[in-house]
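Asks: Below you will find the structure I want to go over with you.
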Amino acid sequence: LDQALARVSEPIEPIRPEEIVEVRRNFAEPIGAAETIARYTGKLVAELCAELETQGQGARRLDLLFFRVDNRVEAIRVGTATPVRDTKRLTRLLTDKIETIDPGFGIELMRLAATVAEPLRAKQMISSLAEAPEPDVSDVIDILANRVGGDRLYRFAPVQSDVPERSFQRIAPMAPDTGEGWPGRWPRPSRLLPRPEPIETVALLPDHPPVIFTWRGVRRRVKRADGPERVFGEWWKRDAELAAVRDYFQVEDENGERYWVYRAGDGEDAATGSHKWFMHGIFG
């Protein structure tokens, strides 16, 4: 009856592809201390890395299973940004998660498997004595990804678009470059707002920057300004952008704070935009 009502755990032996590299360790006496588990984890990692090296592979994902004496199974999973078979590095990733394991009355079997592996070949770090090796940040990325989640780590890459909010995308930290370059004609703010925020301004039309603007309830007087930088709409994506225009200005207030503001429209033709002003980014 307990089995029918799922009150009793029923561990299964999954069918694993033959190419998965795995190692295991049986214990005559169950173990439970964190230090002991960490020590045997290091030994399993060393055995696994030796086997991966013979196959020219590097681990991208490791699953470490702990079989308890009461037929329950605990598990640890870690991933890497690039193929790895460095024993110390993989051991550190796994032992960082040992505290999440409940050994119960003891662990009688540990099994470590490289469930995802990719080819890993030796590569030349530099081509001459005058060159400096490229910094390898994949170790730091692996530590952070396994602590906070891989989906929370990313970097920005340029996209071919003149519209600022469409000119970048999020990619994985170790993903290859997209081949696009960042715009270099005009400086871009270090922080772009999630969406442009309306501001109240005093400005002469059609080509002058604001003299005074109010943003988030604070009135600021402009001391210096540069622009306009005209950005046209992408008519091939949206019909509404056929005549759309934005004029961007870099402005600095009396406190030295620098902002990126724009006017929707060219300041003359109503078809190009509403002629309202917006805050879009902050420099520094």
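The values are calculated or read from the model by the stated rules, or taken from the named source; none is laboratory data. The model shown is predicted, which means the values in this text are computed figures rather than measured ones. Cβ sites come from the backbone with ideal geometry, for glycine too, and all protein chains shown count toward neighbours.
Asks: Only one of 238, 191, 216, 195 is more than 27 Å from residue 156 (Cα to Cα) and among the charged types (D, E, K, R). Can you tell me which? Give the derivation first.
Replies: Details: 238 fails: more than 27 Å from residue 156 (Cα to Cα); 191 fails: more than 27 Å from residue 156 (Cα to Cα); 195 fails: more than 27 Å from residue 156 (Cα to Cα).
So the residue among 238, 191, 216, 195 that is more than 27 Å from residue 156 (Cα to Cα) and among the charged types (D, E, K, R) is 216.
Asks: Can you work out which of the residues in the range 229-284 that are of a type in the set (Ser, Thr, Tyr) and under 34 Å from the mean Cα position of the chain (by Cα) is surrounded by the most Cβ atoms within 10 Å (Cβ to Cβ)?
Replies: Result: 262.
Asks: Is it the case, given these coordinates, that residue 172 is in contact (Cβ under 8 Å) with a residue 60 or more places away in the chain, of a type in the set (A, V, I, L, M), buried (at least 16 other Cβ atoms within 10 Å of the Cβ) and outside the structural domain of residue 77 (by TED's automatic domain parsing)?
Replies: On the way: in contact (Cβ under 8 Å) with a residue 60 or more places away in the chain: yes; of a type in the set (A, V, I, L, M): yes; buried (at least 16 other Cβ atoms within 10 Å of the Cβ): no; outside the structural domain of residue 77 (by TED's automatic domain parsing): yes.
So residue 172 fails the test.
Asks: Looking only at the range 52-71, which residues are outside any strand (DSSP E or B) and surrounded by 15 or more Cβ atoms within 10 Å (Cβ to Cβ)? Working first, answer last.
Replies: As a first pass, look at the range 52-71 and keep what is outside any strand (DSSP E or B): 52-56, 69-71.
Answer for the range 52-71, where residues must be outside any strand (DSSP E or B) and surrounded by 15 or more Cβ atoms within 10 Å (Cβ to Cβ): 52, 69.
Asks: Next up: What is the number of the single condition among (1) under 30 Å from the mean Cα position of the chain (by Cα); (2) outside any loop (DSSP other than H, G, I, E, B) that residue 29 does not meet?
Replies: (1)
Asks: Among the aromatic types (Phe, Trp, Tyr) and loosely packed, with under 15 Cβ neighbours inside 10 Å: is that true of residue 105 in this structure? Walk me through it before giving the result.
Replies: Numbers: among the aromatic types (Phe, Trp, Tyr): yes; loosely packed, with under 15 Cβ neighbours inside 10 Å: yes.
Answer is yes for this residue.
Asks: Could you pull out the residue among 81, 6 that is at pLDDT below 95, assigned to a strand (DSSP E or B) and hydrophobic (A, V, I, L, M, F, W, C)? Outline the logic, then answer.
Replies: Details: 6 fails: assigned to a strand (DSSP E or B).
Going through 81, 6 in turn, just one is at pLDDT below 95, assigned to a strand (DSSP E or B) and hydrophobic (A, V, I, L, M, F, W, C): 81.
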